[in-house]
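The values are calculated or read from the model by the stated rules, or taken from the named source; none is laboratory data. Since we're looking at a predicted model, the values are computed, not measured. Cβ placement follows ideal geometry from the backbone for every residue including glycine, while neighbour counts extend to all protein chains displayed. Remember, those area values only see protein heavy atoms, side chains included, never the ligands or the DNA or RNA. Shrake-Rupley method; radii C 1.70, N 1.55, O 1.52, S 1.80 Å.
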Amino acid sequence: MLTIDHLVKSFEGEKLKRRKRKQAQQSQQGDDALPSRVFAVNDVSLEVQTGELFTLLGPSGCGKTTTLRSIAGLETPDSGTITVDERVLFSAKGSNGNGRAVNVPANKRELGMVFQSYAIWPHMSVFDNVAFPLQVKPRNQRPGKAEIEQRVHRVLETMELRKYADRQATKLSGGQQQRLALARAIVIEPSLLLLDEPLSNLDAKLRESLRYELKRLQRELGITSIYVTHDQIEALALSSHVAVMREGNVVQLGKPRDIYQNPRSKFVAEFIGTSNFIPGTVASSDGGHYSVETTEGRLTLESAASMPAGTEVVASIRPECVGLHTERPGNVPNVWEGKVTTRAFLGDAVDHVVVVGKHEIRARCAPTVSVEPGTTVFLHLEDDKLSLVPID
Amino acid sequence: MRSNRAVRVMASIAGLSALTLVAACGGSPSQGAQDSGPTKAEKVFAKLSKLSGDEREKELVKEAEAEGGQLDLYTSMTSDVADAVTEAFSDKYDIDVNLYRASSETVLQRILQESGANFNGNDVVETDALEMYDLNKEKLLADYEGEGRDKVAEDGRFDGWTADRYNLFTPSWNTKMVPKGQQPTSWEDLADPKWDGKLAMELSDYDWYLTLREYWLKQGKSEDEVDKLFEDMADGAKIVKGHTVMGELLSAGQFAVASSNYSYLVQQVADKGAPVAYQPLVEPVIVRPNGFGLMKTAKHPATAMLFADWLLGDGQKALVEEGLTPTVPPPGTKNVLESVETVDVDVETLGEEEKKWSDRYDKLVENGTVVDQ
Amino acid sequence: MASVTTMLRSAGRADAAGWRRFVPTPKVLIVGAVIVVIGYLAVVPLYYLLWGTFFGADGFSLAGFGRAYGNDRIVGLVGNSLWFAFGAAILSLVVGTGLAYLQVRTDVPFKSLFFAASIIPLIIPGILYTIAWIFLASPDIGLINAALKPIFGGAVVDVFTVWGMIWVEGLHLSPLVFLLMVAAFRSMDPSLEESALMSGASRWTVFRRVTVPLVRPAIVAAVLIMTVRSLESFEVPALLGLQNGIYVFTSRIYFTLRTYPPDLPAAGALATGLLMIAIVGVALSSLAGRGERTYQTITGKGFRPRPMELGRWKPVAGAAIVLYFALTVVLPLLVLVYTSFLKFYRAPSKDMLTSLTLENYQDLIHTSSAMTALKNSVLLGVGSATIVMALMAIAAWIVVRSRIPGRKLLDHLSFLPLVVPGLVLGLALSFVYLRSPIPIYGTLFILLIAYVTRYLPYGMRYAVTSMHQIASELEESAQVSGASWWQSFRRVLLPLLAPGLVAGWIYILVVSFRELSSSILLYSPGKEVLSILIFEQFENGQFPVLAALGVVMVLTLVVLVSVAYKLGAKVGLKQD
């Protein structure tokens, strides 16, 4: 549905600009010696299927918003191709077969977008805000007045904003404004909906309820959506696929469960959820069965990664996958003995921090389990829950 | 790369504008006027000058009508005077007067600008002596001959222009602040320290300054004595811009004595009941002519000439009614200048050495001292 | 013509369609036209100024600088000019900003006075305002001094000093600051302040640490405009400064131009000095205004401006307002109205009251040129204000939003006319249009061009300040919604800009009524404007008629401005 191919977008950095100028003054050759640009998006390729909710996830500055804005047409990429439903929206010279550059302006792309600040026009009523995209369509495609009214009301109905139609847009509450922004984005029934951190301005409770509402709406309307967020819980809860981005690159792409359970790098493991990291060296590998030598002993585990013996690695395991036992479990590998130092009650779980040698390992247990600090315990690191990531 | 393009864009704008400018002007802003043979208007003037008396007036009226009954006049008369004069003229001959009124410097500047671009804005100009002198020097004024001009005293007939009224410089005072008998009786009186902080001088009266200075020197005073007198005058003096403001502030009591106001302005304020006076006159009264000239490029030459004839004839009455001093006193009016000693402003020296005297006067009123250059 | 195409092409390249071949869309046409018009208007007088300064009859020469600066007066000249300009700018800034804050953000009493207080001082022509202050604060005849003499035994205030000049100019300029700052405060989200209050900061700290930095772009713009305006102001230095020999650039330029033959190189050299000071000012202000982009405060999130309660400071603030109102509006207007009923100016006394007369107003009605002048002034004021603000709405978009190369230069370019003294502008325009094949000279159009040129800088400041405060997402969301550039400009940006544009429009309308220094050279018979008439009455010494004319002018403008406010409130962002 949406295909992004080798997208690159760079900016001339302020600092770099200054440094470059200084350099250029000092020596004539200095000009080329320095990288003059900051790459916000550096060779990103993606494929999004029809009807799915695809999330770009990453910390701020990772290029996710720039990617989204490039799709919207608000940024002009340096190179690459963006295609929606066979329609080439952007193609730098030479990126596609016939070598012609294409750049459809934002207002001709017929996409829907929800901005982080909602960007609701404060001088218009709720109705006018939603009607605007229909009213500005080219004359030959513009629906009649009655149809506009009907369509706007239908959308407002869906968003439960019908009764506020005549209200000044700025008089709505935060959640209503967010729904208004969404209504405006979907009123033209776009083939692709872009959402730029739409929930980040709301309080936690509202955010949670709107998150499910969003998912329901997206599923009901069947609109293919690109969702940008830095909130991993949002990403996991909403998406059919997640692309984790870092410094302009997609570092891992997959279903939420895959990414959560099998992070392919320490960065992903750390950014999504919490993880225990145990550094070590690959002692032997045999078709997915690994044996890793650590300071606290040997760990055996399963991993799809291919790491030759002798590679420095990190074994990672989620706290909820760490088994905590007061007595040594019999006849299983990867059992470490340690001492509980801290315990925290979280309501739906209890976290225990266990010191094993010089490592601190966090184990999350059912709320019924509670072990006094100071108690000696046995940690079971199940071999299929451990994953292997390279050292960054 | 980007900044290069920025420069290029802006350079294009600048280049475009510059092109327009060059195309439009084709010369430097400081270029002067050109001199060539007699103009169309000059030929008309020459032809009509030969006539006199009623025949002349009839012919002028006829031709003025043929010219469309329009007159373009630039003047520095104050607006009430200008309105009265143009109205009287319009009433008599049924001619529309298009009046441009501004300070004398602006009138001069406008004519220079227009003539530099061969734009014929006016037929007649009426303004101060200095500006008339400059206009004549620019060879913009046509010769004017006639009985009217012949009636003007010798020293009011200049090359290219003719005086139609006199401005009289004389001290004036606020009668509430200066008791009777205490008023200045001579120009030298103004240097008296008793007027420190009470005397006002005008910011650009270097014509008055030059004339009084020459008069004193002729009287046998030494340069040093004269400079000392002026320094004493300027010491503690209040400097006012504009003669009318001077009159108004004098009546309001901002200062007690004004050194060099025009008598008619003081008279105007006094007529309205303000406590100001300038009589008995301090002698000698310093007389500066104001004159008019006909433009070589006049679009309505006959009308211009008709106006000139009228201004020195019936027009003088209109000037008297406005309280001005005419150059050809109409019969039955008292000639104020007959019984008093007068000294004329040396228009030629003023015109030729304007910068020098205006700088000296500037220095005088600015620092209170005159420094020879 | 080649340059136009080059320019349009580069404008087109910055467009989203930059990768395609050049096609003139409405956007490119409009933007290109605005750049060309502004460039033309700004460069013509400057070109004339510089050409006249450096190229006399005998080619390139710097002699003008020698004549202008080559004596001991120069230190005093520059010193006085800067002292006066900064003083007036600071005074107007403090007063104007304070009042704007009180008006917009607090529950200060007497809010209805603000309307009059913000507009009337602008309407009163500089000549009248200055004369009114002479009548009030002259050491000899000032009413204030007369009233205080019994207590202090002498003249207390003296308007004929640099401080007096600063006082009059600063007060006269403060409404302009007020208008600029009101627009800025209006568009500021009060929750930003409230959050600071909640952090435990005192009101004063909040004002200093949060409010002021948030409106910094507007403040910087205000300081810059006020300083340059004061540098360029003529009436106050001429009427108040000359009496004690206090010269500034403009009075010196005036005298240099008056001589014959006009010493254009020397006047130009002085004007170039002004230009240099202004360039330094622009550089400093763009340094101080760095990072303006982060202060977009009209966001898509709604806010409800809720006035801050002043509490026990309410009476103090109320008293300050009344005092300001008395000083800037009541006193000068009273002097004006009082004078308009007199035969000649005299201090008020018992026997004076019996001789009041309506003669001056009757005179006016019978002066045919008065009606023509009124009509011309209204035409020119409305015309120039509309043209400038229309141009500047687009120009502000170019400067703030577009990525057209050289956009910042456009900003600076439109600032240039500010430093070209009115007299020089008049000379420049008459020089150019006397030689232009299009018959503009001698018509109202040449005055219109002069006014539009002179007021470009103010329009630019108003429009840019407003544009900075609109979040770019509001425009982007319109774009993504399918709106073309023109649609999003007209339906989203323009209404959001409206408060700023209306404020600028009103300002230009009002100041255009008193424009004198370039009008005097450019007007033609039958094309008089009110300011010319006022000047004539001034030259005639007809203060009473002048005052009557002033009263008529004030009333006319009050009507026009009220209408503008009403209309502006309809199109703009609704405030409660």
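Among the helices (runs of 4 or more DSSP H) lying completely within the stretch C:84-184, list those that include at least 2 residues that are without any contact (Cβ under 8 Å) to a residue 60 or more places away in the chain and under 26 Å from residue C:543 (Cα atoms).
C:143-152
Where residues in the stretch A:155-176 are outside any loop (DSSP other than H, G, I, E, B) and open to solvent by less than 10 Å² (accessible area, probe 1.4 Å), which of them is farthest from the other protein chains (Cβ to nearest Cβ)?
A:156
Which of (1) surrounded by fewer than 22 Cβ atoms within 10 Å (Cβ to Cβ); (2) farther than 22 Å from residue B:198 by Cβ; (3) at pLDDT 90 or above is the odd one out, the single condition residue B:322 does not satisfy?
Every condition holds for residue B:322 apart from (3).
Considering only residues that are open to solvent by 50 Å² or more (accessible area, probe 1.4 Å) and β-branched (Val, Ile, Thr), look in the stretch A:370-392 and name the one that is modelled with the lowest pLDDT.
A:391
What about residue C:482, is it facing another protein chain (nearest Cβ under 8 Å), touching a residue at least 40 places away in the same chain (Cβ under 8 Å), part of a loop (DSSP other than H, G, I, E, B) and not aromatic (Phe, Trp, Tyr)?
Taking the combined requirement at face value, the residue does not satisfy it.
Give me the pairs, please: first residue somewhere in the stretch C:380-395 and in a helix (DSSP H, G or I), second residue anywhere and among the polar types (S, T, N, Q), beta-carbon distance under 8 Å, and either six or more positions apart or on two chains.
C:380/C:512; C:381/C:512; C:384/C:512; C:385/C:512; C:392/C:414; C:395/C:414
Out of the stretch B:89-144, which residues are more than 21 Å from residue B:37 (Cα to Cα) and small (Gly, Ala, Ser)?
Scanning the stretch B:89-144 gives B:90, B:102, B:103, B:104, B:129.
Taking residue A:294 and the conditions (1) closer than 20 Å to residue A:266 by Cβ; (2) of a type outside the set (A, V, I, L, M); (3) surrounded by fewer than 18 Cβ atoms within 10 Å (Cβ to Cβ), which numbered condition does it fall short on, given that it satisfies the others?
Of the numbered conditions (1) closer than 20 Å to residue A:266 by Cβ; (2) of a type outside the set (A, V, I, L, M); (3) surrounded by fewer than 18 Cβ atoms within 10 Å (Cβ to Cβ), the odd one out for residue A:294 is (3).
One residue is enough: does the stretch C:438-446 have a residue meeting the conditions open to solvent by 10 Å² or more (accessible area, probe 1.4 Å) and away from every other protein chain (no Cβ under 14 Å)?
Within the stretch C:438-446 (the criterion being open to solvent by 10 Å² or more (accessible area, probe 1.4 Å) and away from every other protein chain (no Cβ under 14 Å)), the answer is yes, since at least one residue qualifies.
Take the conditions at pLDDT 80 or above, more than 10 Å from chain B (Cβ to nearest Cβ) and part of a helix (DSSP H, G or I) and apply them to residue C:266. Does it pass?
Spelling it out, residue C:266 is indeed at pLDDT 80 or above, more than 10 Å from chain B (Cβ to nearest Cβ) and part of a helix (DSSP H, G or I).
Quick check on the stretch B:130-142. Is at least one of its residues modelled with pLDDT of 90 or more, open to solvent by 30 Å² or more (accessible area, probe 1.4 Å), of a type in the set (S, T, N, Q) and not assigned by TED's automatic domain parsing to the domain that holds residue B:252?
Yes, the stretch B:130-142 contains a residue that is modelled with pLDDT of 90 or more, open to solvent by 30 Å² or more (accessible area, probe 1.4 Å), of a type in the set (S, T, N, Q) and not assigned by TED's automatic domain parsing to the domain that holds residue B:252.
Looking only at the stretch B:325-345, which residues are assigned to a loop (DSSP other than H, G, I, E, B), buried (at least 19 other Cβ atoms within 10 Å of the Cβ) and not aliphatic (A, V, I, L, M)?
B:327
Give, as residue ranges, the strands (runs of 3 or more DSSP E) completely inside the stretch A:198-285 that count at least 3 residues that are hydrophobic (A, V, I, L, M, F, W, C) and open to solvent by less than 10 Å² (accessible area, probe 1.4 Å).
Once the strands (runs of 3 or more DSSP E) in the stretch A:198-285 are filtered for at least 3 residues that are hydrophobic (A, V, I, L, M, F, W, C) and open to solvent by less than 10 Å² (accessible area, probe 1.4 Å), what remains is A:241-246.
Taking the stretch B:165-203 only, how many residues are closer than 25 Å to residue B:325 by Cα, surrounded by 19 or more Cβ atoms within 10 Å (Cβ to Cβ) and touching a residue at least 60 places away in the same chain (Cβ under 8 Å)?
Number satisfying all stated conditions: 16.
Any residue in the stretch B:81-93 that's in contact (Cβ under 8 Å) with a residue 60 or more places away in the chain and more than 10 Å from chain C (Cβ to nearest Cβ): show its pairings with residues that are of a type in the set (Lys, Arg) and open to solvent by 40 Å² or more (accessible area, probe 1.4 Å) at Cβ separation under 9 Å, as long as the two are six or more apart or on different chains.
Taking only residues 6 or more apart or on different chains, the pairs are B:88/B:317.
Residue C:259 fails exactly one of the following numbered conditions: (1) modelled with pLDDT of 80 or more; (2) under 30 Å from residue B:357 (Cβ atoms). What is the number of that condition?
The number of the failed condition is (1).
Does at least one position in the stretch A:312-320 carry a residue that is within 31 Å of the chain's Cα centre (by Cα), surrounded by 12 or more Cβ atoms within 10 Å (Cβ to Cβ) and free of Cβ contacts under 8 Å to residues at least 60 places away in the same chain?
Yes: one or more hits.
Only one residue in A:324, A:299 is hydrophobic (A, V, I, L, M, F, W, C) and touching a residue at least 60 places away in the same chain (Cβ under 8 Å). Which one?
Among A:324, A:299, only A:299 is hydrophobic (A, V, I, L, M, F, W, C) and touching a residue at least 60 places away in the same chain (Cβ under 8 Å).
The conditions are (1) open to solvent by 10 Å² or more (accessible area, probe 1.4 Å); (2) within 10 Å of chain C (Cβ to nearest Cβ); (3) of a type in the set (A, V, I, L, M, F, W, C), and residue A:186 fails exactly one of them. Which is it?
In the conditions (1) open to solvent by 10 Å² or more (accessible area, probe 1.4 Å); (2) within 10 Å of chain C (Cβ to nearest Cβ); (3) of a type in the set (A, V, I, L, M, F, W, C), residue A:186 misses (2) alone.
Of all residues in the stretch C:447-476, how many are under 15 Å from the mean Cα position of the chain (by Cα) and free of Cβ contacts under 8 Å to residues at least 40 places away in the same chain?
0
Please enumerate the residues belonging to the stretch A:114-130 that are crowded, with 23+ Cβ neighbours inside 10 Å and modelled with pLDDT of 90 or more.
Selection gives A:114, A:126, A:129, A:130.
Would you confirm whether or not the stretch A:92-113 contains a residue that is within 25 Å of residue A:215 (Cα to Cα), more than 9 Å from every other protein chain (Cβ to nearest Cβ), open to solvent by 40 Å² or more (accessible area, probe 1.4 Å) and not hydroxyl-bearing (Ser, Thr, Tyr)?
no
Would it be correct to say that residue B:351 is under 23 Å from residue B:104 (Cα atoms), under 19 Å from the mean Cα position of the chain (by Cα) and not in a helix (DSSP H, G or I)?
no
Please tell me if residue C:532 is within 14 Å of chain B (Cβ to nearest Cβ), in contact with a Ser or Thr (Cβ under 9 Å, 6 or more places away or on another chain) and at negative phi.
In short, yes.
Take the conditions touching a residue at least 24 places away in the same chain (Cβ under 8 Å) and surrounded by fewer than 24 Cβ atoms within 10 Å (Cβ to Cβ) and apply them to residue C:427. Does it pass?
For residue C:427, the condition - touching a residue at least 24 places away in the same chain (Cβ under 8 Å) and surrounded by fewer than 24 Cβ atoms within 10 Å (Cβ to Cβ) - is not met.
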